[in-house]
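The values are calculated or read from the model by the stated rules, or taken from the named source; none is laboratory data. None of these values were measured; they are calculated from a predicted model. Because the Cβ atoms are built from the backbone with ideal geometry, glycine has one as well, and the counts that use them run over all protein chains shown.
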Amino acid sequence: MTSENPLLPEASTNLEDREACAFDFGRMTRRVPEAVVRPRSAEEVAGLVRRAAGGGVRLAIRGGGHSQGGQTLTDRGVVLDTAHLDRVQPAGPELVRAQGGAPWGKVVDTLRGARRLPCVLPDIGEVTVGGTLSAGGFGTTSHRYGAQVGQVEQLDVVTGTGERVRCSATRNVELFDAVRSGQGQFGIITEAWIRLRPAGRRFRQYELHYRDAERFADALERIVEADRFDHLRAEFRNDENLIVLNAGIEYDEEPDDGGLLARLGHDKHAYTRDTASVGRAAMYPPWCFSRLHYHPWRDWILPWGTLRTLLAEPWLESLGVPRRPWSWTGLYPIGREAIDAPLFMRPRGERAISYSILARLGEFQPEEAIELAGRLEDTDRTLVGLGGKTYLSGGVGYGPRQWADHYGEMLDQGIRWKREFDPEQVFNGAHMPFGDRSAVADAGA
């Protein structure tokens with residue numbers, strides 16, 4: 001069934017299509033859109049946005065729907081689903097060109113055999129290029145390459161006026177700065193040119209167990225300083241009094257295991273995994289996550305100097321986070337690589353830590369999930385008090401004062417960009433501060 005709205009006649013009002021876009025990955029918010037539209041080209045996107053802007057229609061942009069706080073949902077407008085914008089093609093030896101709706105797993109598969117990979121890959125292959133570039137994008141190589149938003153050569157964007165614009169660090173620079181980590185508030189990323197790095201023929205991962213937090217902290221600092229491994233991810237299993245470090249390398253020639261693991265102070269080398277699937281090696285398989293589960297997740301970026309405080313994790317005792325395998329708490333180191341996206345908020349200092357508390361609750365536990373999400377908001381105040389910044393992958397429940405603290409001097413710039421690039425406020429901004437100047441002005445009241 002097509003839409004009765006003459007502005008968007010191609011949009012579907014079929015209840016099945018609308019229900020399919022009523023939840024995101026977090027599943028704690030349900031909003032049934034008025035209609036759903038799935039454009040197949042950037043030109044279609046531009047036409048849809050122009051008509052929406054002219055007719056007062058609000059759009060919620062959806063890629064993989066992996067938000068956890070309702071950012072890709074609306075019950076007062078139309079969902080623009082980018083699922084059909086999924087073309088991926090090499091663009092020379094140093095770049096790959098991917099449409100905004102392309103899952104990162106497809107990007108990796110397209111590059112198979114090229115001996116090149118994006119500098120940073122997410123740990124879930126189903127999230128989309130446009131989605132993570134609108135947030136930041138971390139992975140197991142962030143200790144070396146920073147965030148995905150810092151590894152983009154140029155973008156094609158449809159602004160809130162329906163204009164198609166190509167932007168980069170030297171061309172239409174303000175739009176380039178606005179859309180990277182811009183939470184979809186200033187434009188739709190329809191295509192990205194992403195920088196590549198050399199990749200090894202094989203991937204080997206070592207799982208190292210630590211019982212002593214101080215020894216783990218010392219080891220991680222040495223590893224990051226020496227740049228010993230290509231991939232790093234750590235998990236904290238407090239109920240087992242255990243820290244698990246997954247350290248991986250990409251290689252052509254057989255590596256020296258003994259040399260790589262020397263003087264790391266671990267209590268146990270639990271196992272070694274080796275695979276030729278280099279690009280997907282650090283990604284979790286799709287079966288790890290069910291859309292029927294609830295996911296009260298929160299992520300933060302913290303100063304490197306808080307590492308030992310994070311390892312103690314005193315806030316977990318009162319949170320009531322489920323035990324493994326129903327939760328994951330851990331970190332990615334973020335290295336010195338410059339991240340030049342001004343709306344990507346991170347603490348001062350060369351190095352930082354991406355810290356996450358990720359829980360999943362069963363399909364019959366919605367109340368428990370919502371309660372845990374509320375307690376995570378309390379934890380947010382603690383971690384921000386340590387000098388951290390919230391990573392906006394999910395709902396944060398911020399009001400004007402918190403947004404002013406989060407963005408600092410960039411808040412006014414974001415408001416100016418919203419007025420310039422989305423003057424009719426076509427893009428769903430209910431969860432963000434840029435469209436409501438009066439609320440921000442009252443932040444100090």
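Looking only at residues in segment 81-95 that are over 23 Å from ARG62 (Cβ atoms) and in contact (Cβ under 8 Å) with a residue 40 or more places away in the chain, which one is surrounded by the most Cβ atoms within 10 Å (Cβ to Cβ)? If we take residues in segment 81-95 being over 23 Å from ARG62 (Cβ atoms) and in contact (Cβ under 8 Å) with a residue 40 or more places away in the chain, then LEU95 is surrounded by the most Cβ atoms within 10 Å (Cβ to Cβ). Do we have TYR271 as closer than 17 Å to ALA282 by Cβ and in contact with a Gly (Cβ under 6 Å, 6 or more places away or on another chain) here? Spelling it out, it is not the case that TYR271 is closer than 17 Å to ALA282 by Cβ and in contact with a Gly (Cβ under 6 Å, 6 or more places away or on another chain). Among the residues of segment 333-354, are any part of a loop (DSSP other than H, G, I, E, B), farther than 24 Å from THR141 by Cβ, in contact (Cβ under 8 Å) with a residue 12 or more places away in the chain and out of contact with any helix residue (DSSP H, G or I) (no Cβ under 9 Å at 6 or more places or on another chain)? For segment 333-354, residues part of a loop (DSSP other than H, G, I, E, B), farther than 24 Å from THR141 by Cβ, in contact (Cβ under 8 Å) with a residue 12 or more places away in the chain and out of contact with any helix residue (DSSP H, G or I) (no Cβ under 9 Å at 6 or more places or on another chain): absent. In segment 57-72, the condition of being assigned to a strand (DSSP E or B), in contact with a helix residue (DSSP H, G or I) (Cβ under 6 Å, 6 or more places away or on another chain) and closer than 21 Å to ASN14 by Cα is met by at least one residue.
Of the set (1) buried (at least 19 other Cβ atoms within 10 Å of the Cβ); (2) touching a helix residue (DSSP H, G or I) at 6+ places or on another chain (Cβ under 6 Å), all apply to GLY435 but (1). Among the conditions (1) within 20 Å of the chain's Cα centre (by Cα); (2) of a type outside the set (D, E, K, R); (3) more than 18 Å from GLY184 (Cα to Cα); (4) at pLDDT 95 or above, the only one that GLN89 does not satisfy is (1).
One line per residue, one yes/no per condition, for (1) farther than 24 Å from GLU424 by Cβ; (2) surrounded by 24 or more Cβ atoms within 10 Å (Cβ to Cβ); (3) aliphatic (A, V, I, L, M); (4) over 13 Å from the mean Cα position of the chain (by Cα):
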| site | (1), (2), (3), (4) |
| --- | --- |
| ARG116 | yes, no, no, yes |
| LEU121 | yes, yes, yes, no |
| GLY131 | no, yes, no, no |
| GLY136 | yes, yes, no, no |
| GLN154 | yes, no, no, yes |
| ARG166 | no, no, no, yes |
| ALA169 | yes, no, yes, yes |
| ASN172 | no, no, no, yes |
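When LEU264 is tested against (1) modelled with pLDDT of 95 or more; (2) buried (at least 19 other Cβ atoms within 10 Å of the Cβ); (3) in the same structural domain as LEU372 (by TED's automatic domain parsing); (4) among the hydrophobic types (A, V, I, L, M, F, W, C), exactly one condition is not met: (3). Of ARG381, ARG416, all but one fail to be more than 17 Å from the chain's Cα centre (by Cα), of a type outside the set (A, V, I, L, M, F, W, C), assigned to a helix (DSSP H, G or I) and assigned by TED's automatic domain parsing to the domain that holds ALA312; the exception is ARG381.
Report, ordered by the first and then the second residue, all pairs with beta carbons closer than 9 Å, sequence separation of six or more or different chains, a first member in segment 48-67 that is under 14 Å from VAL78 (Cβ atoms), and a second member that is part of a helix (DSSP H, G or I) and among the acidic types (Asp, Glu). So the pair list comes out empty.
Of the residues making up segment 312-332, those that are part of a helix (DSSP H, G or I) and surrounded by 14 or more Cβ atoms within 10 Å (Cβ to Cβ) are LEU316, LEU319. Strands (runs of 3 or more DSSP E) fully within segment 219-311 that include at least 2 residues being within 24 Å of VAL108 (Cβ to Cβ), touching a residue at least 40 places away in the same chain (Cβ under 8 Å) and in contact with a helix residue (DSSP H, G or I) (Cβ under 8 Å, 6 or more places away or on another chain): 231-237, 242-251. Filtering ARG40, ARG31, ARG50, ARG76 for residues that are under 24 Å from LYS106 (Cβ atoms), surrounded by fewer than 23 Cβ atoms within 10 Å (Cβ to Cβ) and not assigned by TED's automatic domain parsing to the domain that holds GLU163 leaves a single hit, ARG40.
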